[in-house]
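This report concerns only the one structure given below.
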Protein chains: 4
Amino acid sequence: MNSSTPQTNSFDIDCTLGYELPQPTHFLFQIHAMHGRDQQVSAESLELDPAIDSHVYVDPLSHHRFLRLQAPAGAFTLRYRATVQIAPRRWSADAPEVPIEQLPDDVMHHLMPTRYCESDLLGRAAIRMFGALPRGRSRVDAICDWIHANIEYQIGTTDATTTARDVFVRGVGVCRDFAHLGVTFCRALNIPARMAVGYAQFDEPPPDFHAMFEAFLGGDWVMFDPTRLSPVEDLVRIASGRDAKDVAFSTIFGPARMLTMAPLVARSR
Amino acid sequence: MNSSTPQTNSFDIDCTLGYELPQPTHFLFQIHAMHGRDQQVSAESLELDPAIDSHVYVDPLSHHRFLRLQAPAGAFTLRYRATVQIAPRRWSADAPEVPIEQLPDDVMHHLMPTRYCESDLLGRAAIRMFGALPRGRSRVDAICDWIHANIEYQIGTTDATTTARDVFVRGVGVCRDFAHLGVTFCRALNIPARMAVGYAQFDEPPPDFHAMFEAFLGGDWVMFDPTRLSPVEDLVRIASGRDAKDVAFSTIFGPARMLTMAPLVARSR
Amino acid sequence: MNSSTPQTNSFDIDCTLGYELPQPTHFLFQIHAMHGRDQQVSAESLELDPAIDSHVYVDPLSHHRFLRLQAPAGAFTLRYRATVQIAPRRWSADAPEVPIEQLPDDVMHHLMPTRYCESDLLGRAAIRMFGALPRGRSRVDAICDWIHANIEYQIGTTDATTTARDVFVRGVGVCRDFAHLGVTFCRALNIPARMAVGYAQFDEPPPDFHAMFEAFLGGDWVMFDPTRLSPVEDLVRIASGRDAKDVAFSTIFGPARMLTMAPLVARSR
Amino acid sequence: MNSSTPQTNSFDIDCTLGYELPQPTHFLFQIHAMHGRDQQVSAESLELDPAIDSHVYVDPLSHHRFLRLQAPAGAFTLRYRATVQIAPRRWSADAPEVPIEQLPDDVMHHLMPTRYCESDLLGRAAIRMFGALPRGRSRVDAICDWIHANIEYQIGTTDATTTARDVFVRGVGVCRDFAHLGVTFCRALNIPARMAVGYAQFDEPPPDFHAMFEAFLGGDWVMFDPTRLSPVEDLVRIASGRDAKDVAFSTIFGPARMLTMAPLVARSR
């Protein structure tokens, strides 16, 4: 899971989103590949049809970007293309957990429960299942193993209101649900954790944005994918956030019908 | 868990409940020992202070009884005493599950989820954990083992709104919560199940009504206590019902302050 | 809402249900028109394809019937036809509420919360909104008015796990959700209430079983339809129960794909 | 509600917190008065008993501060004293709502649901109740009026897991619950909102930290207190955050028993 080739990998993104809007509608998109950390965007373009104004905001802390625009009524299409280099991701297989008193101040809020990650409610379950395991990266691997073994991956079983608690109870979900549960167990064990979303290649299921999660281990954010659908080395990160609400690929302030969603990515060459 | 002495056991109940009522208040009590099945009530008395009218209803199907009365404002005390014989309870260690198509018609509704037992929500979890086990009583024993190992018994952690889902998520509860979870898992596996409440002896915790559950196995209702606080042979049954709402020892239609709750029981001689 | 013609009305039911079954599957159907109370079934037939054994159970207390059968793998179709006479339903517009201490013993359990009707959780809201209204049928009418004004009827917004609490929070649902909320508010106000399901005529939406609710007023069960989709006089009752779990038109013990659901009803001549 | 005297007000804080710790325990306290915006801390002191190391972190975006320390096993007491000047708070009675497309980028995340504020679930209810009202501050005042009229203030009715949904359903809560519901309704209406906590004077109930909420109106964060327990002008702010999880006065990483909580504040002179 942790192996990586030494050379930088390059990816081409070609993402099209299309909507039918009954009225002028404000959008907040998070589709831009992250430019920072271990990722570099060497080229990118954005096409809007109709060609309307938009602007991109760069978050000063997280370095992720979001796009805002006010689309007119009618058909609206967005196409984002980018070429992204990802430096080799070599996360140590034995990265230690950071004792609570040594956690950096600006990481502390990643211990808190959020809309989709009720780490307070699932605290006892997390401690019962994982509390006695040796501390360190292997404990987060054990969390991923548990999720993979106990939660069924099935498209269409959950919706935008499904939380980690629901996933734990119902035993089924999709990538964002798997990630939420991973985040939740980590936080309950005092391991800071957050959601990471981006572009990923997989044959099955159909093209979609992908969600993984990151745990703070050995002073770094280490990525995990409890769905095992895609290698963590190859996720072209868009953003990391507290949970899916922070990193939704689109937040739409009004009624809209999505006609197209094709967030394609391919390894270059 | 299933051993029993061949002779009938006799128990003396002495149950006092006291309330302070700001206004005239209607009560429905379920405190009478069940007279039927493997239990016989050889003597009983009811004292009310003040001495008011009351009446006892006998449910035509379940044979359990409830007491209704309209208490005036002020202090109100009830004392119920009974002597009860329980025939030896010899439930077979290998009682089989009854295939769904052979279940009696009047037992079918004990497969349905109820207020506190969301067997629909926990269906997948039940099947994942217990679905592959050999069918029969040992599967219900395995459910009890799981509950005992994974749910912490702690007084004061749950309340009248806590359901089996909550207990599963939070990993803590008291006897009624343990019983609800047992009922829920059984129903999810198509084993009819219901709650049983009554009088039980235990040193710790302080005197209280006790809750167990019954699963329909081999054509009979077999009792289980996942708390392991009291032998199932010694529960002096008050009633069996779909869940705690059916068998609450008191349902009070108005504000009331409970001053005394002492549901004592002792093995005779 | 309460007007009715003095003569008996006659209805023809023609209900077809079709399934594709990957394996032999046990079914419990509640599709038989109730024969009792104000309804008489003058003729009925049941066709099963393939022609398999089945049996009908008549509940000794509620008089409603359910059908059980074990269908083989493959296509399975059921057709139920009946002619039903409904006596004029003349529920008084000023039927009184029955004081709690005068409620019949066998009605008391219709005050309890159930899987879909958390009258305990919504007690305060019910009392705040309806507690000060004059007691009697007009109070239940006010409940229906509130539901009709505040809950949006929209097919596809809720599912088999949606409870009255969810409907209250989300403000949207279908007929069963409307009925559950009505039942819940009534119980919270100490008015016994239960769900009633049956066959109803409406142009929109597409043919489906319909759900209403009944409140115990003036010693009788008075029917209410907060959706206002169908006159209460014309519901051909199948069953009344604590909530939708008691009266589901089909409970399927295994995987199945429904191919046809056409519960048609028409007023005869 | 919005009146304010023209001169700066001065407040003296004297806050003592005491704990009994079974083991060395890490704490994150948010008790420091905010130094920034309309507040100035002119003097402050912190006493720890035993005298241990601690450090204060200043959040670069929000300017609020938190204190971290590692307390040894045994008794631990913290005393924080401060003198704070609050400039007159003159929020316009007719501050307009900011159209979504004009909201500042760094305010957008205050539209998102959080652990305690499920604005997604309560969206329809918010729109039904407040959607047709004229936009602007008066709409948030109407939200506060609704909360004050429909939610009962009662200490001890909610706990650390209670969310805005629960408060809406159950109709009861304390100041943090009132604030969560206000935040939730605002976000559902596309008005950015967040929780504000601090020191407040009130005779009843007993001394405690207080919670209000802020809505983004007319380009500024306007404070509201739907409990009406304390004038918004007099809240000595500690912090503003997404919800109570962001601004808890103490987050304790381990078991602890609180012995003393006395967050006193008095107007100087």
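The values are calculated or read from the model by the stated rules, or taken from the named source; none is laboratory data. This one's a predicted model, so the numbers in the text were calculated from it and none came from an experiment. Here the Cβ positions follow ideal geometry from the backbone for every residue, glycine too, while neighbour counts run over all protein chains shown.
Among strands (runs of 3 or more DSSP E) entirely within region A:1-103, having at least 2 residues that are in contact (Cβ under 8 Å) with a residue 24 or more places away in the chain and of a type in the set (Val, Ile, Thr) singles out A:9-21, A:74-86.
Taken over region A:163-181, residues that are away from chain B (no Cβ under 11 Å), in contact with an Asp or Glu (Cβ under 9 Å, 6 or more places away or on another chain) and within 26 Å of A:Arg135 (Cα to Cα) amount to 6. Of the residues making up region A:225-243, those that are in contact with a strand residue (DSSP E or B) (Cβ under 8 Å, 6 or more places away or on another chain) and over 15 Å from A:Tyr153 (Cβ atoms) are A:Val232, A:Glu233, A:Asp234, A:Leu235, A:Val236, A:Arg237, A:Ile238, A:Ala239, A:Ser240, A:Gly241, A:Arg242, A:Asp243. Answer yes or no: is there a residue in region D:163-186 that is surrounded by fewer than 24 Cβ atoms within 10 Å (Cβ to Cβ) and polar (S, T, N, Q). No, that holds for no residue. The set of residues in region A:161-170 that are closer than 20 Å to A:Gly241 by Cβ and either outside the structural domain of A:Asp120 (by TED's automatic domain parsing) or free of Cβ contacts under 8 Å to residues at least 24 places away in the same chain (or both) comprises A:Thr161, A:Asp166, A:Val167.
A single entry from D:Ala87, D:Ala132, D:Ala73, D:Ala95 fulfils the requirement of being more than 11 Å from every other protein chain (Cβ to nearest Cβ) and closer than 22 Å to A:Pro24 by Cβ: D:Ala132.
Being hydroxyl-bearing (Ser, Thr, Tyr), under 22 Å from the mean Cα position of the chain (by Cα) and over 30 Å from D:His63 (Cβ atoms) is the filter here, so list the residues in region A:54-113 that pass it. The answer is A:Tyr80, A:Thr83, A:Ser92. The residue that is farthest from the chain's Cα centre (by Cα), counting only those in region B:212-269 that are of a type in the set (Phe, Trp, Tyr) and within 18 Å of B:Gly36 (Cα to Cα), is B:Phe216. If you go through region C:150-169 and keep only what is hydrophobic (A, V, I, L, M, F, W, C) and over 18 Å from D:Val169 (Cα atoms), you end up with C:Ile155, C:Ala160.
In region B:235-258, which residues are among the aliphatic types (A, V, I, L, M) and within 11 Å of chain C (Cβ to nearest Cβ)?
Within region B:235-258, the first condition is being among the aliphatic types (A, V, I, L, M), and the residues that meet it are B:235-236, B:238-239, B:244, B:247-248, B:252, B:256, B:258.
Once the filter is applied, which keeps residues that are among the aliphatic types (A, V, I, L, M) and within 11 Å of chain C (Cβ to nearest Cβ), region B:235-258 yields B:Ala244, B:Val247, B:Ala248, B:Ile252.
Within region D:109-129, not a single residue is in contact with a His (Cβ under 8 Å, 6 or more places away or on another chain) and more than 12 Å from every other protein chain (Cβ to nearest Cβ). Assessment of region D:56-64 against the conditions (of a type outside the set (S, T, N, Q), crowded, with 19+ Cβ neighbours inside 10 Å and either farther than 19 Å from D:Ala256 by Cβ or within 11 Å of chain A (Cβ to nearest Cβ) (or both)) yields at least one matching residue.
For region C:43-53, the criterion of being surrounded by 13 or more Cβ atoms within 10 Å (Cβ to Cβ) and at pLDDT below 95 is satisfied by no residue at all.
Let's see how each residue does on (1) surrounded by fewer than 18 Cβ atoms within 10 Å (Cβ to Cβ); (2) out of contact with any Lys or Arg (no Cβ under 8 Å at 6 or more places or on another chain); (3) in the same structural domain as B:Phe178 (by TED's automatic domain parsing):
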residue	(1), (2), (3)
B:Cys117	no, no, yes
B:Leu122	no, no, yes
B:Phe130	no, no, yes
B:Ala142	yes, yes, yes
B:Ile147	no, yes, yes
B:Ile155	yes, yes, yes
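Annotation note: of C:Ala244, C:Ala193, the sole residue that is surrounded by 21 or more Cβ atoms within 10 Å (Cβ to Cβ) and within 16 Å of C:Cys144 (Cα to Cα) is C:Ala193. For region D:221-232, a residue qualifies if it is within 28 Å of D:Pro60 (Cβ to Cβ) and modelled with pLDDT under 95, and exactly one does: D:Val232.
Contact map, region C:135-152: first residue touching a residue at least 40 places away in the same chain (Cβ under 8 Å) and in a helix (DSSP H, G or I), second residue buried (at least 17 other Cβ atoms within 10 Å of the Cβ) and among the charged types (D, E, K, R), Cβ cut-off under 9 Å, separation 6 or more or different chains; pairs are C:Arg137/C:Glu97; C:Arg139/C:Glu97; C:Val140/C:Glu97; C:Cys144/C:Asp225.
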